[in-house]
Amino acid sequence: MTPFVRGRLLKHPAELRQLGIVATYLGLLGGMVFVPACRNVFFLGAACYLSFLNAVVIHNHLHQGIFESRRLNMLFRTVLSFGALYPASANIPSHNLVHHHFDDEGQPDWAAPESVDFRWNLLNLIHFPNVAGPNTFSGVSRWKAVANRTEFGRQYLYENVFAFGLTLVLFVHDFWTTLFFVAIPQLYGARCILRINLIQHDACDISSDWNHSRNFVGRVFNWIMCNNGYHTIHHNRAGMHWTELAEAHAREVVPRIDPSLDEPSMVKYLLRTYLFTPARPGLRRVAEAERRADPIALLPRELRRAELEAAS
Amino acid sequence: MLSREVMGALALAILWVNTLLIAAAALKRAAELARLGRGFGAVAKGTVLRGDGPAGALAALEIEQVGRSSGGANPHILFHDRAHACRVFGGRVALEGGAEVDLAPPEDAEVWIDAPTVAKAAGCPSEAAFDAACGEARKARGFARSVSAFIVAGQEVFVAAESGARTGLVSTLDPRAWVAKRMSLAYAFVGAEVLVAAACTAASLQAPLFGTVSTAGAAAGLVFFLLVQPAGTSVRDTLRPPSRAPRHDQWTRPVAREPSHETSRSPS
């Protein structure tokens, strides 16, 4: 299988996992639309979770296209866009260029945790996409208007047309089924991937090199999430393939991170932070940990951003 | 199997939780604005007699921006704010009623300048300036500049003249009227938002359930759900004080004036 995959269709054999996630998700949506018996709580719950994973695949694919063929990569972006009901290419400016450096030309990240400030922390988690979403799309529109981004603009348009066009066709086919069993999972995934920004960075020190992110290091969790729990190393080595993140996390991050930012379980963290504790946690001096460790080569953020912008 | 009734209730619950959160966020911003207004204490109108800053300025609003070129046959430069700063340099103001006050540079300053004045300061001064900026604006780093709008001698201003004021204010706008208008806008937004959500809900619950009117109500509810989010962030931006209001300045190449017959004619 590997020789067939490597060098022909997929860049890395592990990308089959990502293809499997997307295929299962689309299969579930199709099942619920066309087979009434599939419209049950298990299919809906699975579709919502897989929609979130579809957004995780968008994230990975927009860092490193999974196919050898550029055309296939662009085509896959449009398929992924339907799954999330937003153009996948929006990740280039919003995530790769702005969020990775926590900064948009001196302004806060479009998905900065500070953009929500309810005293009851659970409300921040629920409300966060209402702010981060519009911030992101208005930022993308400004970014797109600048020179030499016509190709991006075209691809962004294709993704919008496909995502909203196909959803509209399904609405015309069967309005209520599409609203309940397609639009709800699509929006759930899109809103959850925005919430991840809050979950992974709130109460961290974004000015530090190694303590800007919260990691979720459970093995099963990371298998399903294609290693997206290892967030610190992903921020610092954005070009690294997701299959290498666990090892790099152990090697580079663990000696430099405050142990409280390595969470064993996301579920426990969510329950503890948003359900059992009403108040929002304050900033702690987590960056002390990296000052005690040996220094390690890391390009300044401006240079990393410039490299990514040139590659986008 | 999940019935349509159960799923409809779930969809309406999502709609209302979202609606109320966006309303609560707008009310929170309005409360902050009211708190800022109260922090000015008593505000008096007057005329600037003297400013101790550059070129006799009493105060200035400074905005750091980066501009990038749009490219194409008719390029323009799109600016994006990086930072806002308020500076009160100190000076003397003649208040209505005859009294005169000396303003010292406060620790916490708010400088509010009307939008046309800031827009004038941010405008493209000349064709040469545009060409010079365009070269930089095409590069990844962009064209960095600082926009400074000044309040100078002779201008009418509103100042926080109370010694106990928490924030030193110098404004070319009436701050009380400005705050009141923005608060009204926030309340109007919240009222309209809840009203539209209620209308969508009522329509979607119209008998027969899942009939034509009910379907139209649900479709309107989905559109409302998608549009109310950017509306909420737009209200948030509108409620920002004039000193921190986001700007989206744009330079286009100034058109060189064709010499008119009158000016080209020789004086003889």
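The values are calculated or read from the model by the stated rules, or taken from the named source; none is laboratory data. Model, not experiment: these values are computed from the prediction. Counting neighbours? That spans all protein chains shown, and the Cβs are built from the backbone with ideal geometry, glycine included.
Would you confirm whether or not the stretch A:127-150 contains a residue that is free of Cβ contacts under 8 Å to residues at least 12 places away in the same chain, more than 11 Å from chain B (Cβ to nearest Cβ) and out of contact with any Pro (no Cβ under 7 Å at 6 or more places or on another chain)?
Looking through the stretch A:127-150, none of the residues is free of Cβ contacts under 8 Å to residues at least 12 places away in the same chain, more than 11 Å from chain B (Cβ to nearest Cβ) and out of contact with any Pro (no Cβ under 7 Å at 6 or more places or on another chain).
Being within 21 Å of B:A245 (Cα to Cα), of a type in the set (D, E, K, R), within 14 Å of another protein chain (Cβ to nearest Cβ) and out of contact with any Asp or Glu (no Cβ under 7 Å at 6 or more places or on another chain) narrows it down to one of B:E62, B:E110, so name that one.
Going through B:E62, B:E110 in turn, the sole match is B:E62.
Of all residues in the stretch B:59-74, count the ones that are in contact with a strand residue (DSSP E or B) (Cβ under 6 Å, 6 or more places away or on another chain) and either assigned to a loop (DSSP other than H, G, I, E, B) or closer than 19 Å to B:D114 by Cα (or both).
Residues in the stretch B:59-74 being in contact with a strand residue (DSSP E or B) (Cβ under 6 Å, 6 or more places away or on another chain) and either assigned to a loop (DSSP other than H, G, I, E, B) or closer than 19 Å to B:D114 by Cα (or both): 8 in total.
Looking only at the stretch A:263-283, decide whether some residue is among the charged types (D, E, K, R), assigned to a loop (DSSP other than H, G, I, E, B) and without any contact (Cβ under 8 Å) to a residue 40 or more places away in the chain.
Restricting attention to the stretch A:263-283, the residues satisfying the condition of being among the charged types (D, E, K, R) are A:263, A:268, A:272, A:280.
If we keep only those that are assigned to a loop (DSSP other than H, G, I, E, B) too, we end up with A:280.
Subsequent filtering for residues that are without any contact (Cβ under 8 Å) to a residue 40 or more places away in the chain retains none.
No, that holds for no residue.
Go through the stretch B:75-89 and give me each residue that's away from every other protein chain (no Cβ under 12 Å) and outside any strand (DSSP E or B).
B:F89
What about A:A88, is it touching a Lys or Arg at 6+ places or on another chain (Cβ under 6 Å), of a type outside the set (V, I, T), crowded, with 18+ Cβ neighbours inside 10 Å and modelled with pLDDT of 95 or more?
Working: touching a Lys or Arg at 6+ places or on another chain (Cβ under 6 Å): yes; of a type outside the set (V, I, T): yes; crowded, with 18+ Cβ neighbours inside 10 Å: yes; modelled with pLDDT of 95 or more: yes.
Yes.
Can you find even one residue in the stretch B:188-204 that is β-branched (V, I, T), more than 27 Å from the chain's Cα centre (by Cα) and either at pLDDT 95 or above or surrounded by fewer than 15 Cβ atoms within 10 Å (Cβ to Cβ) (or both)? Even if it seems obvious, please write down each step before you answer.
Initial filter on the stretch B:188-204 (β-branched (V, I, T)): B:190, B:194, B:196, B:201.
Filter once more, so that each one left must be more than 27 Å from the chain's Cα centre (by Cα): B:201.
Checking the rest, the ones that are also either at pLDDT 95 or above or surrounded by fewer than 15 Cβ atoms within 10 Å (Cβ to Cβ) (or both) come to B:201.
Scanning the stretch B:188-204 turns up at least one residue that is β-branched (V, I, T), more than 27 Å from the chain's Cα centre (by Cα) and either at pLDDT 95 or above or surrounded by fewer than 15 Cβ atoms within 10 Å (Cβ to Cβ) (or both).
Within the stretch B:47-63, how many residues are crowded, with 21+ Cβ neighbours inside 10 Å and more than 19 Å from B:H84 (Cα to Cα)?
Initial filter on the stretch B:47-63 (crowded, with 21+ Cβ neighbours inside 10 Å): B:48, B:51, B:57-61, B:63.
If we keep only those that are more than 19 Å from B:H84 (Cα to Cα) too, we end up with B:48, B:51.
The total comes to 2.
Kindly list, by first and then second residue, each pair from a residue in the stretch B:200-219 that is over 19 Å from A:V172 (Cβ atoms) to a residue that is in a helix (DSSP H, G or I) and polar (S, T, N, Q), limited to pairs with Cβ atoms under 6 Å and residues at least 6 apart or on different chains.
Partner pairs satisfying both residue conditions: B:Q206/B:S214.
Of A:R256, A:R305, A:R237, which residue is more than 23 Å from the chain's Cα centre (by Cα) and of a type in the set (K, R)? Lay out the reasoning, then the answer.
Values: A:R305 fails: more than 23 Å from the chain's Cα centre (by Cα); A:R237 fails: more than 23 Å from the chain's Cα centre (by Cα).
Within the list A:R256, A:R305, A:R237, the selection yields A:R256.
Among the residues in the stretch A:124-134, are any aliphatic (A, V, I, L, M), in contact with a strand residue (DSSP E or B) (Cβ under 6 Å, 6 or more places away or on another chain) and more than 22 Å from A:L168 (Cβ to Cβ)?
No: zero hits.
If only one of A:V98, A:V161, A:V182, A:V169 is of a type in the set (V, I, T), part of a helix (DSSP H, G or I) and within 22 Å of A:N211 (Cα to Cα), which one is it?
The match here is A:V98.
Confirm whether B:V101 is facing another protein chain (nearest Cβ under 9 Å), among the β-branched types (V, I, T) and surrounded by fewer than 17 Cβ atoms within 10 Å (Cβ to Cβ).
Taking the combined requirement at face value, the residue does not satisfy it.
Would you tally the residues in the stretch B:207-230 being in a loop (DSSP other than H, G, I, E, B) and within 9 Å of chain A (Cβ to nearest Cβ)? Walk me through it before giving the result.
First, the residues of the stretch B:207-230 that are in a loop (DSSP other than H, G, I, E, B): B:207-211.
Narrowing the set further to residues that are within 9 Å of chain A (Cβ to nearest Cβ) leaves B:210.
Count: 1.
Name the residue that is nearest to the other protein chains (Cβ to nearest Cβ), counting only residues in the stretch B:43-59 that are of a type in the set (A, V, I, L, M) and at negative phi.
Taking the candidates together, the pick is B:A59.
Suppose we filter A:L187, A:L166 for residues that are closer than 22 Å to A:L53 by Cα and buried (at least 17 other Cβ atoms within 10 Å of the Cβ); which single one remains?
Exactly one residue qualifies, and that residue is A:L187.
Tell me, which residue of the stretch A:113-124 that is touching a residue at least 40 places away in the same chain (Cβ under 8 Å) and crowded, with 21+ Cβ neighbours inside 10 Å is nearest to the other protein chains (Cβ to nearest Cβ)?
Among them, the one singled out is A:V116.
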